[in-house]
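J.: I'd like to ask some things about the structure below.
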Protein chains: 2
Amino acid sequence: MKEFDVIKRFFSEQAVKRKDVSLGIGDDCALIMPHERQHIAVTTDTLVAGVHFPLQTEARAIGHKSVAVSLSDLAAMGAEPSWISLAITLPDTDETWLSEFCAGVFELCEYYNVQLIGGDTTQGPLSITVTAQGLVPFDKHVSRAGAKAGDWLYVTGELGDAALALRHVQGKIIVEDIYKAQIMTKLDYPKPRVLAGQSLREYASSAIDLSDGLISDLEHICKASGVGANVVLDDLPISNILRDTLGPEKAVELALSGGDDYELLFTVSEDNKVGMETALAHSGTAVTCIGQLNGSEKITTTLDSKPVPITTSGFEHFSHDRK
Amino acid sequence: MKEFDVIKRFFSEQAVKRKDVSLGIGDDCALIMPHERQHIAVTTDTLVAGVHFPLQTEARAIGHKSVAVSLSDLAAMGAEPSWISLAITLPDTDETWLSEFCAGVFELCEYYNVQLIGGDTTQGPLSITVTAQGLVPFDKHVSRAGAKAGDWLYVTGELGDAALALRHVQGKIIVEDIYKAQIMTKLDYPKPRVLAGQSLREYASSAIDLSDGLISDLEHICKASGVGANVVLDDLPISNILRDTLGPEKAVELALSGGDDYELLFTVSEDNKVGMETALAHSGTAVTCIGQLNGSEKITTTLDSKPVPITTSGFEHFSHDRK
């Protein structure tokens, strides 16, 4: 099959047609309309087969995840997702595979009213790069750099299930059958916290999405904001599955170091705590306070009010951790 | 070396700082400011090692080409390049290689005042995906769809040298030593026709950049515009090198079918011919009229005023032509 036919057939027939897209797929460029008094947030993520997802991952999950990880970055900025460009490198043109991949992409696009405006299809080892763009009103974005000593540290949802699922797929950890479907969904179909991110615009002093692991991502906030943090390990939102499977100590370790959660880690001043909790309750998002920022420029952890050393660090693509 | 260090060290220290970039590299997203009454043109291209460039290509050329092919798409739309996002998948972190790659990227960015606003660095087989964005005033873009029967068909520059260089590298064609440097520059360091593209906003009825080969790209204009075209082979701007190396007949064949020219192919109405030629002379761009559009919805070619069959077709990534 010719390259152009692949693109045309699978990527041109999407349901989302936004009014701010003046020209979509099919020309040298797409054309989008600017919005008054809105910044455009832009983020790019690449998923490489065997590095960012196990080789046996189903096509629909790969399509979902390719979009979800970029929408998660937009969420961390408080942006409303609007347009994506999708570049896919494929070893061959398996039509069933492509059809399922596109189903995964478009399910998420339709849910969030995101239009696919362009991309590229090339031949080579499987990888996908998505550039996602979204809108955020002037001066309402949430960066990594606004956290202050005294602010409270929060996280959405639960931690560590996706990392547990990955280690299960890799054969490193045995997971009981009744748990498998639930944790595999966390790994394969992460839900970007898009609505929560927009709710945080008015309240959070900083935010980041958890892709590399809690400690590693918290380091980014601390460095960008020039602060330190203490994480209260007793308060980490760890699922029953993770605790049952690994026991409390190892569960905490994986919750701190495992990647792929795609939850939001964010900071809120004392004054904004109540407002934030109310707003996130309205968006149906569970949040947990897991610590507090300080002026130390270090990250510490406590358990049962006693300091404990941090023994883990986040996922690094070049550290041979997950090849 | 850790992923974050790679990104920080090589990609964060660029010279271009645009006023419309409110937040650059280093957060979950970049933030760009919209411009009043300007569309944003968006295009994405992936280059895979061994498919889109020979494996032995020097790093600086790969960096240059990664940006040039996307700027060429912006040029074909009449857009002014503004921002790029660059995703690179690398087998390892060779610092010399990365430094030269970045030199190739930033030379072009600095020349066109394009700011790198984000991207991703991942491990895997070498490939690069660039999403480039540019600005074009409302209703001034040049699409593929505006050509009309009777319009004249033009092309910038000369055709076929890059395709000749590729075949030389592949060992398929022997090229004289005195010619090698010049044709390799055409293949490795294509010059996107950015100024010419902007000059065409007022005059061209349609435009496309030549990446897949003249006939193949002309087909896109004809399909999008619902027209046909006759190409006068006698008038093709073929370089002396190409003619000397292959002889007139094979030279024409390569000029019609070879990819990687990154010249602009465009159409102009009779009324706009003089204005266009004057404007492009001001931008220092050589142009050649190579045919005329008609109502046939077919592409034909003539030589010495006699019809000749088309024996070649453009480069298709999945056609095993250039693996």
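J.: Can you check how the C-alpha radius of gyration of the protein assembly as shown compares to 2.2 N^0.38 Å, as a plain ratio? Mind dumping the intermediate values first?
T.: Numbers: Rg = 26.1 Å, N = 646, 2.2 N^0.38 = 25.7 Å.
Taking N as the residue count of the protein assembly as shown, the ratio is 1.02.
J.: Next question. What trypsin sites (Lys or Arg not before Pro) does the stretch A:127-214 have in DSSP loop regions with at most 16 other beta carbons within 10 Å? The partial results should precede the final answer.
T.: On the way: sites: A:Lys140, A:Arg144, A:Lys148, A:Arg167, A:Lys172, A:Lys180, A:Lys186, A:Arg193, A:Arg201; in loops: A:Lys140, A:Arg144, A:Lys148, A:Lys172, A:Arg193, A:Arg201.
Here the trypsin sites (Lys or Arg not before Pro) that fit, given the DSSP loop and packing criteria, are A:Lys140, A:Lys148, A:Lys172.
J.: Which one of B:Gly104, B:Ala281, B:Val232 has its Cα pushed farthest toward the positive end of the charge dipole of the protein assembly as shown, where Lys and Arg give +1 and Asp and Glu give -1 at the Cβ?
T.: Selected residue: B:Ala281.
J.: Helix B:95-112 sits at what angle to the longest principal axis of chain B, using alpha carbons and giving 0 to 90 degrees rounded to 10?
T.: 60
J.: Please give the length that would be gained between A:Thr96 and A:Gln182 if that part of the chain were fully extended, namely 0.36 nm times their separation in residues minus their C-alpha to C-alpha distance (nm, one decimal).
T.: Computed gain between A:Thr96 and A:Gln182 is 28.4 nm.
J.: Moving to a separate point now. Measure up B:Lys148/B:Lys298; B:Lys191/B:Lys223; B:Lys148/B:Lys273; A:Lys148/A:Lys191 against 19 Å on the Cα-Cα distance and list the ones that go over.
T.: B:Lys191/B:Lys223; A:Lys148/A:Lys191
J.: So what is the relative contact order of chain B, in percent, for Cα pairs below 8 Å that sit 6 or more residues apart? Before the final figure, lay out the partial values.
T.: Details: 718 pairs, mean separation 71.4, N = 323.
Worked out over chain B, it gives 22 percent.
J.: Tally Lys and Arg at +1 and Asp and Glu at -1 over the other residues with C-beta under 12 Å from the C-beta of B:Pro248: what net charge comes out?
T.: Details: positive: B:Arg243, B:Lys250; negative: B:Asp234, B:Asp244, B:Glu249, B:Glu253, B:Asp304.
Summing Lys and Arg as +1 and Asp and Glu as -1 gives -3.
J.: GNM, chain A, Cα, under 10 Å: largest mean-square fluctuation among A:Val268, A:Val51, A:Val194?
T.: A:Val51
J.: In addition: For the stretch B:175-219 and the stretch A:217-271, write down the distance between their C-alpha centroids in whole Å.
T.: 52
J.: Of B:Pro34, B:Pro137, B:Leu116, which is farthest towards the positive pole of the stretch B:3-137's charge dipole, taken about the Cα centre with +1 and -1 on the beta-carbons of Lys, Arg and Asp, Glu respectively?
T.: B:Pro137
J.: Using a Förster distance of 30 Å, how high is the FRET efficiency between B:Ser296 and B:Lys273, based on the Cβ-Cβ distance and rounded to 0.05?
T.: Working: r = 22 Å, r/R0 = 0.72.
Taking R0 as 30 Å, the efficiency between B:Ser296 and B:Lys273 is 0.90.
J.: Still on this structure, please answer the following. In terms of the ratio Rg/(2.2 N^0.38 Å) built on C-alpha atoms, what value belongs to chain B?
T.: 1.01
J.: Taking each residue of A:125-138 in turn, how many C-beta atoms of other protein chains fall within 10 Å of its C-beta, and what is the average?
T.: Mean number of neighbouring Cβ atoms from other chains: 5.
J.: If the elastic network links every pair of Cα atoms under 10 Å, which of B:Ala49, B:Ala132, B:Ala75 fluctuates the most in the Gaussian network model of chain B?
T.: Of B:Ala49, B:Ala132, B:Ala75, the Gaussian network model singles out B:Ala49 as fluctuating most.
J.: Sticking with this structure for a sec: Taking H placed 1.01 Å from N in the peptide plane, check which residues at least 5 places from B:Ile290 or on another chain put their amide H under 5 Å from its amide H.
T.: Those qualifying (amide H under 5 Å, at least 5 residues apart or on another chain) are B:Leu153, B:Tyr154, B:Val155.
J.: Let's see if you can work this out: charge +1 on each Lys and Arg Cβ, -1 on each Asp and Glu Cβ, no other charges. What is the dipole magnitude of the protein assembly as shown about its Cα centre, in debye to the nearest 20?
T.: Numbers: 54 positive and 90 negative charges, 76 e Å.
The calculation lands at about 360 debye.
J.: Which of these, B:Asp92, B:Asp304, B:Asp120, has the largest mean-square fluctuation under a Gaussian network model of chain B (Cα springs below 10 Å)?
T.: Evaluated over chain B, the most mobile residue of the options is B:Asp304.
J.: Quantify how much of the Cα-Cα distance distribution of the stretch B:3-137 extends past 25 Å, in percent.
T.: So the portion of pairs separated by more than 25 Å is 21 percent.
J.: Using only Cα atoms, tell me the angle between helix B:273-282 and the longest principal axis of chain B; keep it within 0 to 90° and round to the nearest 10.
T.: 40
J.: Let me ask you something else. Out of the GluC sites (Glu not before Pro) in the stretch A:1-81, which ones are loop residues according to DSSP with at most 16 other C-beta atoms within 10 Å?
T.: Those that pass, being in a loop and sparsely packed, are A:Glu13, A:Glu36, A:Glu58.
Just so you know, all these numbers are worked out from the coordinates, no wet-lab data involved. What you see is a predicted model; the values in this text were computed from it and never measured. With ideal geometry, Cβ positions are generated from the backbone for all residues, glycine too; neighbour counts draw on all protein chains shown.
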